[in-house]
Each structure stands twice: as structure tokens, then as C-alpha cells.
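Before any comments, here is the structure.
The values are calculated or read from the model by the stated rules, or taken from the named source; none is laboratory data. It should be emphasised that the depicted structure is a prediction, and the values quoted were computed from it without experimental measurement. Glycine also receives a Cβ, built like all others from the backbone with ideal geometry; neighbour counts cover every protein chain displayed.
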């Protein structure tokens, strides 16, 4: 089953690369236009999940029981690599959702947004830390310096780091879900027309975070009951999560195409900045020209003065 999930992720990765390269709509392909934060984080997320599925498929072929003594560090090495890529995928998921929710967060929760921004940048350090105890245990087994007490302490440290990482991800998920939900709720009662782009981000974001909650629930259940079926469902939901974020990107692309058809070509951020700068220059030049004309022209007489001058010119004296 893990090999099927791995093949599905590889196919999704290929489709995403093709979509990124062909979605420029006649615009020149540059490194800046391709390697955007959204594209890079989504590619890293899908690639990381693909490696996790491959390692899970390989782990099932490892010897168990007494046969495992012949390769004491092999399981820990694979587990460490799996945790590294799982942590990378989690960090990419958080970063992708944060970047998509950035403008919404500033609008909805301007006081909370700095905390979300700081937590997003520091989260990878804590998330990647869950792979360190397992890597140390693998190194000790390779050098035959491991003992039962050390293994027990490192396993406990792994559980604690995984729990801390899960708590951090769930906390950030809750903040992001609050942003998406409040924006959707406010848009229902808004007097003005809301941006379709933000509605798409909020709806897909809520579905993605809900899937993340369920995936974590199954993973925690696996840690308690140690049933392989629970782990399989949790990993499958992680793949579904990547598909939801990919679907968000496709929906946003379709919305941009629709905006172009309805109101002309959509300007990029750089083009918009240049347009604003040029408009500001023209405005400043116009104001400066008006000032010059006002200085060169003689002052206009007051209404009373013009009347008195006409009377003086009409008098015989």
C-alpha cells in the first residue's frame, strides 16, 4: 500500500512541475517566477511525503524479532531519515499555509499575526529536532556503544520531541484555522464585495487544516495502540493534505485566468509597483507645473478692486 501511495505522490510531483512550467500564460520563464515561496514549499512537501512513503515501504521488509540483532542500526537509520523528511514536510506545510494566509491574518487578527509570523520561522528548529534522538541512537548502535538504558532514554526523548512538535503544529493549525474561519464568516456579512482569491484560500485552508487534525489523531492513536493500520491511514491523510494544497494552487490559477477574462490582464506585484510609481511621478510633475504657472502669472484682482477701477476710468476726472 505504501508503494501505491509513493507512486501517487510521484505522479502528483510530476504534474505539479508541469503545471508550474506551463502556467505562465505566455510570460517568460525566470528563476524568480518559478522558485516562488508557494511553489518551493509545495514541491518540498510532496517530495518529503514521497520519501516517507518509500521508507515506510522499505521498513516493512526489515527483519523482526531475533533477526533484527544482525542489523541493529538499520531500523534506527531508516527511522531517522523518515523523521527528517516528515519534519521537513510538516515545516513546508506550515510555511505554505502561513504564506497563503499572510494577508488574511493581517486583516483578521492584526495583533496575533506577529506571533504567528515568529512561530512559523522558529517552528522548523523544533520540528526537525524530533529526528535527533533517533539519529544518536543509530550512531551508538553502529559503534556498539549502545545500552538498554541509553536506548530507553533516547526513545523517551524521541517521544517527547515528537509530542512537542505535534503540539506546535496543532497550535499553528488552530491559529490558521481561526483566521480562515473568521474571514469566511465576516465575508458572509460584508457590505462590499469580497475578493474571490481570499475566499478560495480560506476554504481550501480550512479543509487542509481539518485533514491535518485527523491525520494527527490517527498518528497519536498509532503511538498508543501500535496498530499498523492506524499509521497507514495517518500517512495516507498526509498525502491527501498535499493534494488539497495542490488543488488550492490550481483553483487560484483558474481564478487568475477568470479575472483576466473579465477585467483584462492581471498585473503582477512588480508591475503594480511600477505602475504606482509612474502615476506618482506624473502627479508630482503635474503639481510642479501648476506651481510654476501660478508663480509666473500676475495675481488676479479682487472683485471689489476690478469694480473700483472701472468706476475710476468712467469718471470725468
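Conditions tested, residue by residue: (1) part of a helix (DSSP H, G or I); (2) more than 26 Å from the chain's Cα centre (by Cα); (3) at pLDDT 85 or above.
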{"site": "92", "(1), (2), (3)": "yes, no, yes"}
{"site": "110", "(1), (2), (3)": "no, no, no"}
{"site": "133", "(1), (2), (3)": "yes, yes, yes"}
{"site": "138", "(1), (2), (3)": "yes, yes, no"}
{"site": "168", "(1), (2), (3)": "yes, no, yes"}
Original post:
For region 232-241, does any single residue satisfy the condition of being crowded, with 16+ Cβ neighbours inside 10 Å, more than 22 Å from the chain's Cα centre (by Cα) and modelled with pLDDT of 85 or more?
Top reply: yes
Original post:
Does residue 59 satisfy the criteria of being crowded, with 18+ Cβ neighbours inside 10 Å and either over 18 Å from residue 171 (Cβ atoms) or at pLDDT 85 or above (or both)?
Top reply: no
Subject >> In region 145-169, the residues that are in contact (Cβ under 8 Å) with a residue 40 or more places away in the chain and surrounded by fewer than 16 Cβ atoms within 10 Å (Cβ to Cβ) >> reply: 159
